[in-house]
Amino acid sequence: MHRQIGDFEFLLVNDHSTDKGEMIARKYADIDGRFVVLDNERQKGVSGARNTGLAHARGEWITFLDADDELIGRAHKTFRKAIAGCKAANIIQLNHIRYYHKLSKGVVKYNNAPGIYHAPDLPEPWVGVWSKLFRAEFLEGIWFKEGMQYGEDGLFVLECLAKDERIFQAERDLHAVRHHFDNDQSLSHIKTAEDIIAQIGEYEAFLQKQDSRELKKLICLDLTKLWARAARRI
């Protein structure tokens with residue numbers, strides 16, 4: 001990660017790491033007070049780790065970084081520009097660089113036009129939390145569902161959209177994340193059909209509680225994609 005300059009808080013949650021991740025995180029925390037290491041008492045998985053971060057976050061805006069992704073240089077400055085350009089937003093999405101390991105190159109992917117998008121016509125890929133900024137006070141009462149093995153970020157975004165059906169897309173040239181797409185060790189690449197079907201059950205349960213016709217339509221469209229994905233893995 002390139003050196004980030006500015007006022008920010010970087011929460012690193014140790015969810016009983018078995019590699020050198022904890023050592024690296026503590027090294028940064030020892031030399032820079034903006035880096036904070038949090039330890040889970042028991043292993044909670046990705047949702048539990050993110051919830052620990054949410055419970056301790058003190059900033060006005062929150063973003064998440066997947067374990068195999070990275071921030072691009074001066075990401076903090078990019079985030080500030082996005083926030084300044086979307087003053088009325090609770091959810092801001094940025095375009096990103098998708099890195100292909102097999103090609104050893106990165107390309108701008110889903111180069112969405114700036115503007116305000118409403119459910120169900122949201123910018124791609126709306127399901128990910130790693131490409132977004134969330135207003136901290138807006139997230140009050142919204143948590144990741146612990147125990148979900150797949151698609152927990154999509155359900156989290158749906159919970160957000162139930163409060164505000166808008167996603168503000170930042171300017172095209174604002175890229176803060178390099179998303180590693182074809183990493184065979186990524187959690188999204190090793191989930192089974194059963195994991196996906198369990199996710200479908202959570203989505204269907206969430207659907208039943210919604211009153212918004214537009215949000216229901218969005219969920220149904222996503223469910224069709226999930227069933228197709230499960231079928232390919234059976």
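The values are calculated or read from the model by the stated rules, or taken from the named source; none is laboratory data. Since the model is a prediction, treat every value here as computed from it, not as a measurement. A quick note on method: Cβ atoms are made from the backbone with ideal geometry, for glycine too, and the neighbour counts reach across all protein chains shown.
A few remarks follow.
- Residues of the range 96-110 classified as in a loop (DSSP other than H, G, I, E, B) and either of a type in the set (Phe, Trp, Tyr) or at pLDDT 85 or above (or both), total: 1
- Check on Val13, in contact with a helix residue (DSSP H, G or I) (Cβ under 8 Å, 6 or more places away or on another chain) and either in contact (Cβ under 8 Å) with a residue 60 or more places away in the chain or over 25 Å from Leu155 (Cβ atoms) (or both): no
- With respect to the conditions (1) among the charged types (D, E, K, R); (2) more than 16 Å from Asp222 (Cβ to Cβ); (3) at pLDDT below 95, Asp153 falls short on a single one, namely (2).
- Subset of the range 18-46 that is under 21 Å from Met148 (Cβ atoms) and not acidic (Asp, Glu) - its residue that is surrounded by the fewest Cβ atoms within 10 Å (Cβ to Cβ): Arg42
- Evaluating Glu165 against the criteria (1) within 23 Å of Glu204 (Cβ to Cβ); (2) in contact with an Asp or Glu (Cβ under 7 Å, 6 or more places away or on another chain); (3) surrounded by fewer than 17 Cβ atoms within 10 Å (Cβ to Cβ); (4) touching a residue at least 40 places away in the same chain (Cβ under 8 Å) leaves one unmet condition, (3).
- Pairs with Cβ under 6 Å, 6+ apart, first in the range 47-75 and free of Cβ contacts under 8 Å to residues at least 40 places away in the same chain and surrounded by 19 or more Cβ atoms within 10 Å (Cβ to Cβ), second acidic (Asp, Glu) and in a loop (DSSP other than H, G, I, E, B): Ala49/Asp15
- Condition check for Asp173: surrounded by 16 or more Cβ atoms within 10 Å (Cβ to Cβ), over 15 Å from the mean Cα position of the chain (by Cα), closer than 29 Å to Ile83 by Cβ and not hydrophobic (A, V, I, L, M, F, W, C): no
- Screening Ile116, Ile97, Ile92 for residues that are under 27 Å from Ala162 (Cα atoms) and crowded, with 16+ Cβ neighbours inside 10 Å leaves exactly one candidate, Ile92.
- Restricting the first member to the range 113-132 and to residues that are among the β-branched types (Val, Ile, Thr), and the second to residues that are part of a strand (DSSP E or B), the beta-carbon pairs closer than 7 Å and six or more apart or on different chains are Ile116/Arg166; Ile116/Phe168.
- The lone exception for Ala113 - which of (1) within 19 Å of the chain's Cα centre (by Cα); (2) over 21 Å from Leu215 (Cβ atoms); (3) modelled with pLDDT of 90 or more it fails: (1)
- Filter result for Tyr110 (surrounded by 12 or more Cβ atoms within 10 Å (Cβ to Cβ) and in contact with a His (Cβ under 6 Å, 6 or more places away or on another chain)): no
- Leading residue by the ranking (nearest to Phe156 (Cα to Cα)) among those in the range 196-229 that are among the polar types (S, T, N, Q) and loosely packed, with under 12 Cβ neighbours inside 10 Å: Gln208
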